[in-house]
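Below is one structure, written out as structure tokens, with a few remarks after it.
The values are calculated or read from the model by the stated rules, or taken from the named source; none is laboratory data. Keep in mind it's a predicted model, so treat the numbers as computed, not measured. All Cβ positions, glycine included, derive from the backbone under ideal geometry; neighbour counts span all protein chains shown. The area values use the complete protein model at the heavy-atom level, side chains included, leaving out ligands, DNA and RNA. Shrake-Rupley method; radii C 1.70, N 1.55, O 1.52, S 1.80 Å.
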Amino acid sequence: MSNQMVRAQMEEVKEILKKSVADTNDYLNQQSIGAMLLEEGSKEQEYYKLLLKALRRLEVFCDEAYDAVQIILQSETFRKPAAERTLYGIYHQCIMEFFSPKGDIWYEDSRAAYTGKDAIKYHHEPPQSFRKLIVELEKAFQQMREELAYYETDYHTKMVMKEDQRSSS
């Protein structure tokens with residue numbers, strides 16, 4: 001992949017991460033368990049705590065990824081290997097955390113792409129505001145996942161080949 005293509009991906013990911021972090025941060029700053037319990041939903045207080053915990057974790061990963069992307073893009077010379085490594089990390093940490101968070105607080109319905117429905121499913125009914133946020137984030141994370149799927153296979157393959165070359169030397 002050319003430097004220009006990798007840079008373009010970095011720019012696109014930067015904008016998606018920036019908006020995702022801002023939206024998530026705004027939600028977390030305005031939300032409390034008490035407020036969530038007043039909304040329509042299952043009213044499962046412990047589950048709501050887990051939802052917020054997973055969202056905070058996702059926000060931290062995305063914020064750190066955003067900072068890393070900014071540093072690479074602001075460098076005088078564009079370092080393609082660092083950019084590729086960062087995009088690979090974003091795929092595995094941010095995107096995978098969104099679609100399959102630690103503790104399986106929610107999960108992805110893989111059939112959703114065929115049905116046109118929301119891909120994220122919950123074990124209990126979340127508050128309406130939480131569901132709305134996740135639906136908005138899902139579009140951005142799906143876009144990022146499609147854009148960075150290359151790094152799931154190609155970058156990993158490159159790293160394995162380099163490791164094999166080092167081992168045989």
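Kindly provide the set of residues from the stretch 6-33 that are within 17 Å of K139 (Cα to Cα) and among the polar types (S, T, N, Q), ordered by number.
Result: Q9, S20, T24.
Scan the stretch 51-61 and give yes if some residue there is in contact with a strand residue (DSSP E or B) (Cβ under 8 Å, 6 or more places away or on another chain), closer than 24 Å to G103 by Cβ and either open to solvent by 10 Å² or more (accessible area, probe 1.4 Å) or not aromatic (F, W, Y) (or both), otherwise no. Write out each step before concluding.
Step one: of the stretch 51-61, the residues in contact with a strand residue (DSSP E or B) (Cβ under 8 Å, 6 or more places away or on another chain) are 51, 54.
Imposing the further condition that a residue be closer than 24 Å to G103 by Cβ reduces the set to 51, 54.
Okay, now just the ones that are also either open to solvent by 10 Å² or more (accessible area, probe 1.4 Å) or not aromatic (F, W, Y) (or both), so 51, 54.
Yes, some residue in the stretch 51-61 is in contact with a strand residue (DSSP E or B) (Cβ under 8 Å, 6 or more places away or on another chain), closer than 24 Å to G103 by Cβ and either open to solvent by 10 Å² or more (accessible area, probe 1.4 Å) or not aromatic (F, W, Y) (or both).
Somewhere in the stretch 86-96, is a residue more than 30 Å from L37 (Cβ to Cβ) and over 16 Å from the mean Cα position of the chain (by Cα)?
No; the residues of the stretch 86-96 include none that is more than 30 Å from L37 (Cβ to Cβ) and over 16 Å from the mean Cα position of the chain (by Cα).
Quick check on S168: is it modelled with pLDDT under 90, within 17 Å of the chain's Cα centre (by Cα) and open to solvent by 30 Å² or more (accessible area, probe 1.4 Å)? If you could, list the steps in order and put the result at the bottom.
Working: modelled with pLDDT under 90: yes; within 17 Å of the chain's Cα centre (by Cα): no; open to solvent by 30 Å² or more (accessible area, probe 1.4 Å): yes.
Judged against the criteria, S168 is not a match.
Give the stretch 93-130 a look and list any residue that's farther than 23 Å from E46 by Cα, without any contact (Cβ under 8 Å) to a residue 12 or more places away in the chain and of a type outside the set (A, V, I, L, M), or say none.
Within the stretch 93-130, S110, R111, Y114, T115, G116, K117 qualify.
So, in the stretch 69-82, of the ones that are at pLDDT 95 or above and of a type in the set (A, V, I, L, M), which residue ends up most open to solvent (accessible area, probe 1.4 Å)?
The extreme case among them is I71.
Working carefully through the options Y48, Y66, find the one that is of a type in the set (S, T, Y), in contact with a helix residue (DSSP H, G or I) (Cβ under 8 Å, 6 or more places away or on another chain), surrounded by 14 or more Cβ atoms within 10 Å (Cβ to Cβ) and modelled with pLDDT of 95 or more.
Among Y48, Y66, only Y66 is of a type in the set (S, T, Y), in contact with a helix residue (DSSP H, G or I) (Cβ under 8 Å, 6 or more places away or on another chain), surrounded by 14 or more Cβ atoms within 10 Å (Cβ to Cβ) and modelled with pLDDT of 95 or more.
What helices (runs of 4 or more DSSP H) lie completely within the stretch 5-92 and have 3 or more residues being within 21 Å of Y107 (Cβ to Cβ)?
Output list reads 45-74.
How many residues does the stretch 17-38 hold that are open to solvent by less than 40 Å² (accessible area, probe 1.4 Å) and among the charged types (D, E, K, R)?
0
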